[in-house]
Amino acid sequence: MTRSGRLAGAGAVVRRRLLVAVPVLAATSVGMFALGAASPVDPAKQYAGAAAFTASEENLAQLRANWGVDDPLPVQYLRWISNLVQGDLGWSTSRHEPVASVLAARAGWTLLLIGVSLALVLVASLLLGALAAYRRGGLFDRALRAAAYAVQSMPVFWLGLAAIAVFALALGWLPAGGLTDVTATSTSWPDVAHHLILPVAVLAVSQAPWFVLFVRDAVAESMRDDHVLAARARGLPGRTVLFGHALRTALLPFLTLVGTHLPELVGGAVLVETVFSLPGLGAVTVAAALGSDFPLLAAITLVTTAVVLAANLATDLAYAAADPRVRLDG
Amino acid sequence: MADLAARPPLLQVARSRLRLRPGRAGAVTAGLVLLVAIAGSLLAPLVWPLDQSAVALDQTRLAPSWSHLAGTDDLGRDVAHRAVYGLRVSLLVGAVAALVATVLGGVVGGIAGTLGGRVDRILMRIVDTIAAMPHLLLGIFIVAMLRPSLGAVIASVGLTHWLSTARIVRSELLSLRTRPFIDAAISGGAGRLRVLTRHLLPHVLPRLALATTLMIPHAVWHETALSFLGLGLPPHLASLGNMINDGQGSLLTGAWWASLAPGGVIVVVTLAIAVLAARWRDRLDPRVRAELHL
């Protein structure tokens, strides 16, 4: 297929994906809104906090009137969703500031945590998985697999606590939490990096098993391919055969699967941020949930989903561009 | 097995007497562990009753010893004792939530797989899109709106975990549809309902049961994660997530054991289920051998 033909195909794929994603996201937003409306929590009292006990009924009624929470539900939904589409994410009732500014202030740290962990996981899993596949059934392979299954069965927050117990409390090598030293008056990058080593490592280790096992199986499979056998028969050194031939064929399908694993990574990041008291989206999400802050929770969930969908689409398109045999049909 | 030769003869003899092949030994151990876990959590109220709200402020933060096998927490409660009850709650929530997810996923996957074509394409696209939602965030949202409670946690887990089941049922049905015995049944005059109940379901049910079993650990993690965040079961209730959450504070003051036992229980039970499920999958599909033989 010609280059322009493939690009036109990409356009069709984007259109078709949007055709499904937009109605599903819309339906989800209706579902979330309905759940929010069914919630037994009175938003005005929630907003007022402890003051709700002393506030006059007129003041609370004024709050409700300002937000229009007594309007018919469809009216409320349409107002919320049209604001959302226009980029107005609403007002966070738990943090008493616009949702957009909460996201702007917090999302960077979460993205940093996820990004660095993902990079680390990718490099480590490609290396370890390929090495394990090279001698399938060997000592390294079996040890790595046993370790992967063991780590896979550990909840990430428990792993985080264990890491704190060992590396922060017992050995005293790394800080137990936070983003900067308690005595620091400003954020400096070396300080932040020092504080992020443990959270990044915990998130990476907890996510690694799935990636390692996948790479190991895929490379083990491609070690039996004809072109790998041919490379071996030509007498190429093992390292070249493994990384130059076997890993290369296994690499592309792996990269598209990374996109589908992003939601897990987001969930892991929320838990790791909580364990290490990092000021990312995780802590805000939990606080919002405890305060039944519908605008903030809904915005975080919908925005994250949109980002993941976009990332999935991007990896699929990149896959199709890199491998001419792949045909996108959805 | 090259490594068998290196083992001491005594062990070999024992293995052959008990007919324990390496894979089987793991499965037997896993089965025993699960049996103990299930029996323990069922019988606990009869054998070892626990007052959920009792505290012993004269026995706070005792290190593990013979009288307190896993130590005591900040309020002087026996960690091992509460871990048994935590497992009980977690397994209950996990099993019910996995069942909810199985029914949801079975219905969606069943419709997609039996009808095929356009319906299948649309349903699976919807499943793909929902799969892009971080299910912990969605779960947090559900719990936040329903207020933390047992029912909310079950709803939160059930509503976010049905996607994989839907995919499994659907692909199994699609591959069964093209098999000759289905054609034979149809040409023999079997109606749609009969084909579905007599020919398709018996093949799908074992897979569905396996998927449900494998989902229980996921459901347990999801429940413990919510409780750990303070969004799950009521804080005084002994649940594995609540205990690990409580233990976080104790850890910083030196009582590292408070969250060790509850976490260890999760790891052991999860591993046991994974080992047994791998074995089960081997039986179902002898062509693809799972590589989990610990």
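Values quoted throughout were computed directly from the atomic coordinates according to the rules given, and no laboratory measurement underlies them. Computed from a predicted model, the values in this text were never measured in an experiment. A quick note on method: Cβ atoms are made from the backbone with ideal geometry, for glycine too, and the neighbour counts reach across all protein chains shown.
Two decimals, Cα atoms only, Kirkwood Rh: what is Rg/Rh over the range B:80-217?
Ratio of gyration radius to Kirkwood radius for the range B:80-217: 1.08.
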- Note on the structure: Those helices of chain B passing the 27 Å axial Cα length cut-off and the mean Kyte-Doolittle cut-off of -0.5 (DSSP H runs only) are B:22-47, B:79-115, B:201-228, B:260-284
- If you line up the long axis of helix A:281-290 against the longest principal axis of chain A, both from Cα atoms, how many degrees apart are they, to the nearest 10? 40
- Kirkwood Rh (inverse of mean 1/r, distinct Cα pairs), the range A:197-258, angstrom: 12.8
- Message: I need the fraction of alpha carbon pairs in chain B separated by more than 33 Å, rounded to a whole percent.
- Response: 39
- Rounded to the nearest 20 debye, dipole of the range A:203-330 from Cβ charges on Lys, Arg, Asp, Glu: 600
- Query: What fraction, in whole percent, of alpha-carbon pairs in the range A:251-311 exceed 18 Å separation?
  - Reply: 43
- Would you kindly derive the ³J(HN,Hα) couplings of the range A:227-236 from the backbone phi angles with the Karplus curve 6.51 cos²θ - 1.76 cosθ + 1.60 (θ = phi - 60°), listing them in order in whole Hz, with x for Gly and Pro? 5, 6, 4, 4, 5, 5, 5, 6, x, 5
- What is the mean number of Cβ atoms from other protein chains located within 10 Å of the Cβ atom of each residue in peptide B:121-131, rounded to a whole number? 5
- Length-normalised contact order for chain A - Cα pairs under 8 Å, 6+ apart - percent: 25
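Between B:L42 and B:H236, what length comes free when the chain is fully extended (0.36 nm per residue of separation minus the Cα-Cα distance, one decimal in nm)? Provide the component values of the computation, followed by the final result.
Working: separation 194, 0.36 × 194 = 69.84 nm, distance 2.03 nm.
Extra length from B:L42 to B:H236 when fully extended: 67.8 nm.
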- Let me know the charge dipole size of chain A about its Cα centre in debye, to the nearest 20, where only the beta-carbon of Lys, Arg (+1) and Asp, Glu (-1) is charged. 1660
- Item | With Cα atoms, 0 to 90° folded angle of helix A:99-134 axis to chain A main axis | 20
- For helix A:247-275, report the angle its Cα long axis makes with the longest principal axis of the Cα atoms of chain A; keep it between 0 and 90° and round to the nearest 10°. 30
- Amide H contacts under 5 Å for A:W91, restricted to residues at least 5 apart in sequence or on another chain and with H modeled in the peptide plane, are A:V99
- Note on the structure: Neighbours of B:G31 by Cβ distance under 11 Å: Lys/Arg at +1, Asp/Glu at -1, summed charge +2
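Given +1 on the Cβ of Lys and Arg, -1 on the Cβ of Asp and Glu, and no further charges, what dipole in debye does the protein assembly as shown carry about its Cα centre, rounded to the nearest 20?
3180
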- Item | Dipole of chain A, positive end: most advanced residue of A:V30, A:L89, A:T240 [Cβ charges, Cα centre] | A:T240
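Over the range B:76-204, what is the mean sequence separation of C-alpha contacts under 8 Å (at least six apart), divided by residue count, expressed as relative contact order in percent? Present the calculation step by step, with values, prior to reporting the outcome.
Details: 99 pairs, mean separation 43.2, N = 129.
About 33 percent, as a whole number.
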- For chain B, build the charge dipole from Cβ charges (+1 Lys, Arg; -1 Asp, Glu) around the Cα centre, then report which of B:T72, B:I142, B:H199 sits farthest towards its positive end. B:H199
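According to the Kirkwood expression over distinct Cα-Cα pairs, how big is the hydrodynamic radius of the range A:135-287, in Å?
The Cα-based Kirkwood calculation yields 18.0 Å.
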- Given 25 °C and 0.890 mPa s, how large is the Stokes-Einstein diffusion coefficient of the protein assembly as shown in µm²/s, with Rh as the Kirkwood radius over Cα pairs? 91
- Task: Choose one answer from B:L92, B:L196, B:L226: the residue with the largest mean-square fluctuation in a GNM of chain B with alpha-carbon springs under 10 Å.
- Result: B:L196
